[in-house]
Amino acid sequence: MLFALLCRDKDDGFELRKQTRPAHLDFLAAQQVRFAGPMLSDDESTPIGSIVVIECSDLEQAKAIAAADPYNLAGLFRSVDVHPFKQVIPEVA
């Protein structure tokens, strides 16, 4: 099953994001990520959070992965929402 992790950064989290990014990327590389990337501010230049779509066995596993993300452990996120996700486009066989 797919799950969407919607993570919003705390205010002024850019430096913490930059410092923690290598560990975050290494962590996600070890997961079954369909796609992931930063949400950006309206000026399209400043990261304000992350979206990760990940394949997990159940909601509890997805929540555990979100909790263990180095960004989250470092205190970058002010909120993390985890929801089941259904991919419609592009259609997956």
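Just so you know, all these numbers are worked out from the coordinates, no wet-lab data involved. This is a predicted model, so every value here is computed, not measured. For neighbour counting, all protein chains shown are included, and Cβ atoms are generated from backbone atoms with ideal geometry for every residue, glycine included.
Here the stretch 15-38 is the region considered, the condition is being among the hydrophobic types (A, V, I, L, M, F, W, C) and surrounded by 14 or more Cβ atoms within 10 Å (Cβ to Cβ), and the residue that is farthest from ARG78 (Cα to Cα) is VAL33. Filtering the stretch 35-55 for residues that are of a type outside the set (Asp, Glu), over 10 Å from the mean Cα position of the chain (by Cα) and within 10 Å of PHE3 (Cβ to Cβ) leaves an empty set. Taking SER57 as the residue in question, decide whether it is of a type in the set (Ser, Thr, Tyr) and either part of a loop (DSSP other than H, G, I, E, B) or on the phi > 0 side of the Ramachandran plot (or both). Answer is yes for this residue. Can you tell me which residue is surrounded by the most Cβ atoms within 10 Å (Cβ to Cβ) among those in the stretch 67-82 that are in contact with an Asp or Glu (Cβ under 9 Å, 6 or more places away or on another chain) and part of a helix (DSSP H, G or I)? Only one residue tops the list, namely TYR71.
For ALA29, the requirement of being touching a helix residue (DSSP H, G or I) at 6+ places or on another chain (Cβ under 7 Å) and among the aliphatic types (A, V, I, L, M) is not met.
Of all residues in the stretch 58-70, those satisfying the criterion of being within 14 Å of PHE85 (Cβ to Cβ) and of a type in the set (Gly, Ala, Ser) are ALA62, ALA66. For ALA62, the stated conditions do not hold, so it cannot be described as closer than 17 Å to ARG21 by Cβ, surrounded by 14 or more Cβ atoms within 10 Å (Cβ to Cβ) and small (Gly, Ala, Ser).
Kindly provide the set of residues from the stretch 1-46 that are among the charged types (D, E, K, R) and either assigned to a strand (DSSP E or B) or at positive phi (or both), ordered by number.
Answer for the stretch 1-46, where residues must be among the charged types (D, E, K, R) and either assigned to a strand (DSSP E or B) or at positive phi (or both): ARG8, ASP9, ASP12, ARG34, GLU44.
Kindly indicate whether PHE14 is more than 11 Å from the chain's Cα centre (by Cα) and among the aromatic types (Phe, Trp, Tyr). Against the criterion (more than 11 Å from the chain's Cα centre (by Cα) and among the aromatic types (Phe, Trp, Tyr)), PHE14 qualifies.
Matching residues to (1) of a type in the set (Gly, Ala, Ser); (2) in contact (Cβ under 8 Å) with a residue 12 or more places away in the chain:
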site: LYS18; (1), (2): no, no
site: PRO22; (1), (2): no, no
site: PHE27; (1), (2): no, yes
site: SER41; (1), (2): yes, no
site: ILE48; (1), (2): no, yes
site: GLU55; (1), (2): no, yes
site: GLN61; (1), (2): no, no
site: ALA64; (1), (2): yes, no
site: TYR71; (1), (2): no, yes
